[in-house]
Structure formats: structure tokens, C-alpha cells
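Nothing in this text is a laboratory measurement; each read-out follows from the coordinates by a stated rule. No experiment lies behind these values; they were computed from the predicted model shown. As a convention, Cβ positions derive from the backbone with ideal geometry for all residues, glycine included, and neighbour counts pool all protein chains shown.
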Amino acid sequence: MERYWSKVVVVTGAASGIGEATARRFSREGAMVVLADRDAATLQRVAADLPEDRTRVQVVDIAKSADAEGMIAAAIDAFARLDVLVNNAGVHLAADPVDIDDDQWRRVMGVNLDGVFHGCRAAIPHLEKTRGSIVNTASVSGLGGDWGSSAYNAAKGGVVNLTRALALDLGRRGIRVNSVCPSLTRTAMAADATADAELVARFEQRIALGRICEPHEVAAVIAFLASDDASFVTGINMPVDGGVSASNGQPA
């Protein structure tokens, strides 16, 4: 498919995991892609596999609004337009609430929630010109609570409702805004969890499909939501969770 031929896509958190899979998916579908992340070396590794003339790399700390503005400006400078913004960068913190210090709280909020707003705010004037689309990576952890993840839950819950609010504010400007809400996915951020066979087995007991998610499966949904195939879809937070949210929580 070449749904994105001549389209310009910015993906944050593109150095690994869901972001990397998403950047690769858009590139395969013909897009010009700006890969954004804090890790320059890993970004270059991903970019090396993509068409040189349709790929750019931008090192950013998305928690800083100036970096977000620079990221969007770089996309416009390189390709003269913007069609899709994927706000995917994220960090996780597993801790008891009383053990979370101010810096940890602000970092989780800064990357996971502030970063989404920073990217959107910088991109809106350009997406309005192309009647473009925003897709945020939220989480099932934004749809319900987890044990030991209060900061992450708060940030992702913010992304869920920010997605709804932006869809309302931007719809009449021709910009659609949606999010994906993955469950446990095999990424670097979740490496400790996915390396624990006993924990994975417990997750699989709660997942209707009986396995954890792979990054390319989330990327496929992101590519759908950003495409003209979803032209009348906005303001949704789509679970990509193998059926976790289909359950009321009672055991099998």
C-alpha cells in the first residue's frame, strides 16, 4: 500500500518499540518520515534502513516545548508540509506513591503528557493547512488504574482526555485527533516485564487472545487512524489490547 505517498509524518519515540515500528510502517506506505527521539545513535540505526531521501532524524527531548517546536520546524524545513503527527514518546515508572519524588513525577508527566501537548501545539498550524491527523499513544493504563504505576496512570489518563478535548477543538479546522491504548507490548520500555516469564503468563491469562502485543500491531492501528480510511473517526481512544478491556475483571 502507498496510502501515504507524498505525505509527511513526524513520529516521536521513534528510536525503538512502537515508535520505530510506526516509522517503518509509514515509510513502507510511501511517507516522508521525521524520526524524533532523545537517542541519536539509535535513531540513526533506524534511519539507516529507510530511504535516505524520505527520512530525517531529529534529536529532541519532547518534554521541552522548544524542542517540540524545533522538531516541527525541521519537518517543514525538510519537506515543506506536515500531514501526520504521532505522539508516541513515553517513559514508565513503577513505584509506590510515597516513594515518587518531585523530579520523577515531573519527568513522567513531562514526557508522557506535556510532550503530547507540546507536539500538538506546534503542529496544529501546519496540520490545519493539510487537514491532517494526530495520533497519540496512550495506554490501557490511561483507561483504568494499575498497581504501582500512579504517575504513569495519571499521565496516560491525561493523554486519553486530552485526545478527546483536542478532537473537539480541532475538528472544525479539519484536524482529526485519536489515540491508541496498547496493553503490555514487547518494547524496550517494557523489557523488564516481558523478560519475566511468570509475569507474562499472568498477563496472558487476562488477555483474550492469550499473548502480549507486538509493536507492529500497534503501528498498524496508528497507520489506519491517521489515514483517509478513518476519515470520519476522531476523538477515540482505541484499545489495542487483545481483549483486556472486554473483561469486567472477574477471573476465568
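Overview of results
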item	result
Reference-scaled alpha-carbon Rg (2.2 N^0.38 Å with N residues) for the range 62-111	1.56
The chain: proportion of alpha-carbon pairs further apart than 25 angstrom, %	39
Simple spin-label estimate for residue 40 and residue 6 in nanometres, 7 Å along Cα-Cβ	3.6
The range 134-194-the range 25-88 distance, computed between alpha-carbon centres (Å)	20
Residue 165 paired with residue 192, simple spin-label distance in nm, labels 7 Å along Cα-to-beta-carbon	3.1
For the range 36-75, diffusion coefficient by Stokes-Einstein and Kirkwood Rh (Cα), 25 °C, 0.890 mPa s, µm²/s	232
Hypothetical label at residue 131: residues of the range 66-86 whose amide nitrogen lies under 16 Å (7 Å Cα-Cβ projection)	82-84
Principal axis dimensions, the range 187-240 - Cα atoms, whole angstrom, descending	42, 23, 16
Antiparallel DSSP beta bridges within the range 1-68, percent to nearest 5	0
Taking the convex hull of Cα positions in the range 1-128, its mean projected area over all directions (nm²)	8.0
Extension gain from residue 48 to residue 220, taking 0.36 nm per residue of separation minus the Cα-Cα distance	59.8 nm
Whole-Hz ³J(HN,Hα) from phi, Karplus 6.51 cos²θ - 1.76 cosθ + 1.60, for the range 63-73, glycine and proline x	5, 9, 4, 5, 5, 4, 5, x, 4, 5, 4
Peptide ranges 176-188, 219-231, 29-41 listed from the most packed, as the mean C-beta count within 10 angstrom indicates	176-188, 29-41, 219-231
Label-point separation in nm, residue 76 to residue 229, each point 7 Å along Cα→Cβ	3.1
Extension gain (nm, one decimal) between residue 100 and residue 202, 0.36 nm per residue minus Cα-Cα	34.1 nm
Cβ-based net charge around residue 171, under 14 Å, with every Lys or Arg adding one and every Asp or Glu removing one	+3
Average projected area [Cα convex hull, the range 118-247], square nanometres	8.4
